[in-house]
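Below you'll find the structure, written out as structure tokens, and then a few comments.
What follows is calculated from the coordinates using simple rules that are stated; it is not laboratory data. Since the model is a prediction, treat every value here as computed from it, not as a measurement. With ideal geometry, Cβ positions are generated from the backbone for all residues, glycine too; neighbour counts draw on all protein chains shown.
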Amino acid sequence: MKIRARDWKNLVTLAIGLTLGLACLGWVMRAEASRQLEHGAEAAGLRWAHFANRTVPELDAAFAGRGFTLAAREQLLRLRKADNVFRFKLYDPTGKLLLVSDDLDHPDVAPQHTAAEGIGTEHAGGKKVYIRDKVLAGTNHIELKREQRADRPAVYSEAYVPVLRDGRVLGVVEVYVDQADEAQAIRNAFARVAAAVALLLLLVLAVASWQFWQRLRKQRLAEERMRYLARHDVLSGALNRSSFDDAIQRAIWRHDEGGPGFSLLCIDLDHFKEVNDSLGHAAGDEVLRVATQRLREALREGDKVARLGGDEFAVLLSGVVAVAAVNPLAQRIVNALAEPYDIGGQRVVCGGSLGVAIHGIDATEPAELLHKADLALYRAKAAGRGTFSYYDSETDELLKARRTLQHDLQHALAGDQMSLHYQPLHASGSGALTGYEALLRWAHPSRGNVPPMEFIALAEETGQIDALGLWVLQRACADAAGWPDSLSVAINLSPAQFEHGDLVASVEAALRSSGLPANRLELEITESMLLRNADQVLDQLRALSALGVSIAMDDFGTGYSSLAYLWRFPFDKVKIDRAFTQHLGSDPKVNLIVRSIITLAHSLDIRVNAEGVETASQMATLQEHGCDELQGFLLGRPGPLAGLTHIGLSGEAGFRAAPAAARRGAPRESLFADLPVEPLPTWLPTAPAPL
């Protein structure tokens, strides 16, 4: 772990503080040792002076200057070694030196000192006067000595002790106390104390250092975590958009300096929204984490993977610029993402689509490269998902046109560019006009009429279908309210209108505001929508049927449903797709299929409509099979509201309006309502509803 300058400063400060603490401790211990030695020397001097005062004969006379008797000298000689005293001096009350213990060893040799010598003469200046005055005033004075002399101990004290009698100073005793052993004992004791204190300080230092290191480690981990989060996606652990942009820029710099090229991949998980909607966001998050791990395992050392947001990922393939090299890597990623996911014990299939852009071929700037990889991704999705595709300019142009159309679609309703055309519906047997199917038209101000299959699919993908569907519902009900009571209006519904659960309320509001009776409104839905959202759709269809609205299944026979759905859902009508109608006269199998559909529907009390009737032979065949209702160019083309005549076709057929009661029976309850409905496989496409 790298330690910053600030942390080093803190460590040095801590070390200096502990060093100063130990130094202060040593100074205090030395001072205390000196104090104890001085105190011991003073006690020894007092004891010696007291003992000498009691045992030395005629000591007071000697202090008075009358000399030392032989008995006094003998006693003083004996006292020279008493209580660690190895030398002493005696002074008179004025401070003059009377006797030095050294003189007792040679009584016939004249002493080497002079009578002029006195207390403190070995000291210089004012200190001599201070010591003499202090001692002669009756106060003890101790001086600790540490010297390296052959004739003296290494540690000793000079103790000046006045000899008092009745409060007056008889004389002064200066004793030299040997304290070498005492000093050594004190040093040993203090050494033990110092060792204990040092050990404690070291322990404190160790604990403080450990805490400091732990705090430093936590701080580093927090900083590393912050740096990680700044560069990575929190959920998946992949790079985020910012750090991935940096990786692309570094790859470009390396290439410009003669390094390898690279390719860029944009990846989307297929059907990820269904996982979130059906299993919840927690399951969706787990899918994203597993998908990220699979991407890492499928890539090589040095490749980068990023999550750009939602279920969008991007990959940088370093050193790969040839299609032959990209293909196996891209296929490996597609295969890895296609493996089922085990989410909380549930098996989830959620593959991925992939778009490829090559640096230096498709683009050189990071933003443009990402954009073109995204365009290639759109191409892969359009090809059926679960595959990969490369960028091409044609797709780019198509997408630009699509984005322009999407922008224009946002303003189409507000700009009064949308309108409804109505195609007539006729009773097969009598030819009477039964109503109209409402078809949405867009008159673009510059492009002219935009085909419904083009803009309706776009509206469903971009979420604008809700507003368009509501507008069609309200306008068609308002228009039909002004028609004769025998005529109905049929409206196509988009799967998106069932998702939010407010379709029933919207239909009820449109009927109420327009005044159109419910039995004159027919709602058309597709088979694929039923299979993909069976339970949700069934509940809403039952509520609509309870209002009195007719329900029709559009494009019957082209989907993937079971025949049980004809009764499970409250259908009043099925519409045979135009593909069957167009082949009625050319393929005998089609005749059998159409007749079977009509027979089956009638057995379930469901009316049948045939779309795309364009020839008289087609109409005759359908009438022969008993089809209930016909529509197609033979009977009438879609037209605006102002051009509707409500009289059907004139001439031999004798068309007339059909009675309203012929259109819908009473609402019925399904015999198969409790049968389970298998959801539509996620790989099956869903066609947009022809609003």
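Normalised by the number of residues in the chain, what is the relative contact order in percent for Cα pairs under 8 Å and 6+ residues apart? Provide the component values of the computation, followed by the final result.
Working: 1103 pairs, mean separation 59.4, N = 691.
Over the chain, the number comes to 9 percent.
Would you mind computing Rg(Cα) / (2.2 N^0.38 Å) for segment 417-662, counting N as its residues?
Details: Rg = 17.4 Å, N = 246, 2.2 N^0.38 = 17.8 Å.
Taking N as the residue count of segment 417-662, the ratio is 0.98.
Taking loop as defined by DSSP and a crowding limit of 15 other beta carbons within 10 Å, which chymotrypsin sites (Phe, Trp or Tyr not before Pro) in segment 266-358 fit? Provide the component values of the computation, followed by the final result.
On the way: sites: Phe272, Phe313, Tyr341; in loops: none.
Answer by residue number: there is no such site.
Can you work out the base-10 log of I(q)/I(0) for the chain at q = 0.05 1/Å, using the Debye formula on its C-alpha atoms alone?
-0.51
With the convex hull built on the Cα atoms of segment 311-462, state its orientation-averaged projected area in nm². Can you show the working numbers first?
Details: hull surface 62.4 nm².
Seen from a random direction, the Cα hull of segment 311-462 projects 15.6 nm² on average.
Calculate the tail of P(r) for segment 241-391: the fraction of all Cα-Cα distances greater than 24 Å, expressed in %.
Values: 3274 of 11325 pairs.
Counting pairs separated by more than 24 Å, the tail of P(r) holds 29 percent.
State which entries of Lys273/Lys304; Lys96/Lys134; Lys89/Lys134; Lys218/Lys304; Lys89/Lys145 exceed 19 angstrom in Cα-Cα distance in the structure shown.
On the way: Lys273/Lys304 25 Å; Lys96/Lys134 15 Å; Lys89/Lys134 17 Å; Lys218/Lys304 29 Å; Lys89/Lys145 17 Å.
Violating the 19 Å limit, Cα to Cα: Lys273/Lys304; Lys218/Lys304.
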